[in-house]
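Engineer: Below you will find the structure I want to go over with you.
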Amino acid sequence: MKQGETMRRRWPTLLKRHPSAALLAVQLLSLPLYVVLDGTTGRLVFSAITLLVVILALRVITRSPAHSAVGWLLALPAMALTLAGIVLHLGELLPWMALLEALLYLYAAAGLIAYMMSDHQVTRDELFAAGATFTLLAWGFGYLYAACQYWVPGSFSGMLEPDRARTWMELLFLSFTTLSGVGVGDIVPLTPAARALVMIEQFAGVGYIAVVVSRLIGLTVVRARGR
C-alpha cells in the first residue's frame, strides 16, 4: 500500500522532470487506439487524444527556449476547430484544424531541437526529447498531408483502392516511412504539392538524424569515456 502511494506521489515529479517522455508515450499509445476505434466514438476519442497531445506539447515548449505564447496561439484555435468540426459535423473545418495542428507540432519540434542543442550535456529528458521530436515531426507532416489531400484532391494514391482518399492512418504511415527514410510505404504522392511536402520531410528526416541524433550520440560517448 505504501509502495502504491509512493508511486502516485512520484508521478507528478516524474512528469515535471520528463515532460518529453509523457509526450512520447501519449503519441505512441494513441496509435493502437486509432486502429481499434472507428466511427463517431473513434473521432471523439481521437479528438481527446489530440487535445491531450497539444497540452503536453505546450508543456514541452515551456521547457525549451521556444516561447509558450506562440504555442497557445496555435493550440487554442486548433482545439476550437476540432471540437466545432466534430460536434457540429462541419467537415470543412477539419483541414484548417489539421493545418494548425501541423504548425503546432512543427513548432514544438523546433523548440525541442533548440532545447537539445542548448548545452553540451545529455540528460535523460533530452534522450526522451529525441524520440518525442521525431513523433512530433511525423504527426506534423501527417497533418500537412491531410490538409493537402483536402485542398488538392488526388494528392495521394495507394496500392489498395488507388482512387479513394487516403485515411489519416495511411497518411501518418507515409509520414513515418518518409521521415525515417525506410522507404517501405505503399502510399505515394501524385500532385506537385504532395511531392513537395514529401521532399521537404525527407530533407527534414535526414537533417534531424545527421545533426541532432548524431550530436546526442557523440556527447553520450564522450561522457562515457570521461568516466
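Engineer: GLU5 versus (1) under 22 Å from LEU112 (Cβ atoms); (2) at pLDDT below 70; (3) not hydroxyl-bearing (Ser, Thr, Tyr): which is the lone unmet condition?
Structural biologist: (1)
Engineer: Follow-up. Consider LEU28 carefully, then state whether it is within 18 Å of TYR143 (Cβ to Cβ), surrounded by 15 or more Cβ atoms within 10 Å (Cβ to Cβ) and modelled with pLDDT of 75 or more.
Structural biologist: no
Engineer: Please verify whether segment 216-225 includes one or more residues that are under 19 Å from the mean Cα position of the chain (by Cα) and surrounded by fewer than 16 Cβ atoms within 10 Å (Cβ to Cβ).
Structural biologist: no
Engineer: Check whether at least one residue in segment 170-183 is farther than 26 Å from THR133 by Cβ, in contact with a strand residue (DSSP E or B) (Cβ under 7 Å, 6 or more places away or on another chain) and at pLDDT 90 or above, and report yes or no.
Structural biologist: Checked against the condition, which is being farther than 26 Å from THR133 by Cβ, in contact with a strand residue (DSSP E or B) (Cβ under 7 Å, 6 or more places away or on another chain) and at pLDDT 90 or above, segment 170-183 yields no hits at all.
Engineer: I need a count of the residues in segment 189-199 that are open to solvent by 70 Å² or more (accessible area, probe 1.4 Å) and either over 18 Å from TYR143 (Cβ atoms) or of a type in the set (S, T, N, Q) (or both).
Structural biologist: Number satisfying all stated conditions: 2.
Engineer: Give me the pairs, please: first residue somewhere in segment 102-123 and under 28 Å from PRO77 (Cβ atoms), second residue anywhere and outside any helix (DSSP H, G or I) and open to solvent by 10 Å² or more (accessible area, probe 1.4 Å), beta-carbon distance under 6 Å, and either six or more positions apart or on two chains.
Structural biologist: Close Cβ pairs (under 6 Å, with a partner that is outside any helix (DSSP H, G or I) and open to solvent by 10 Å² or more (accessible area, probe 1.4 Å)) amount to GLY111/SER64; GLY111/ALA66; LEU112/SER64; ALA114/SER64; ALA114/PRO65; TYR115/SER64.
Engineer: Looking at ALA138, ALA147, ALA114, which one is in contact with a Pro (Cβ under 8 Å, 6 or more places away or on another chain), more than 21 Å from LEU219 (Cβ to Cβ) and aliphatic (A, V, I, L, M)?
Structural biologist: That would be ALA147, the only listed residue that is in contact with a Pro (Cβ under 8 Å, 6 or more places away or on another chain), more than 21 Å from LEU219 (Cβ to Cβ) and aliphatic (A, V, I, L, M).
Engineer: Of everything in segment 64-80, what is open to solvent by 40 Å² or more (accessible area, probe 1.4 Å) and at pLDDT below 75? Give them in sequence order.
Structural biologist: Listed by number, the residues that qualify are PRO65, HIS67.
Engineer: When you look at ILE61, is it touching a Ser or Thr at 6+ places or on another chain (Cβ under 8 Å) and either at positive phi or modelled with pLDDT of 85 or more (or both), yes or no?
Structural biologist: The answer is no for ILE61.
The values are calculated or read from the model by the stated rules, or taken from the named source; none is laboratory data. Note that the structure is predicted; figures quoted are calculated from it, not measured. Ideal geometry is used to build each Cβ from the backbone, glycine not excepted, and the neighbour counts take in all protein chains shown. We work out accessible area using only protein heavy atoms, side chains counted, and drop any ligands, DNA or RNA first. Shrake-Rupley method; radii C 1.70, N 1.55, O 1.52, S 1.80 Å.
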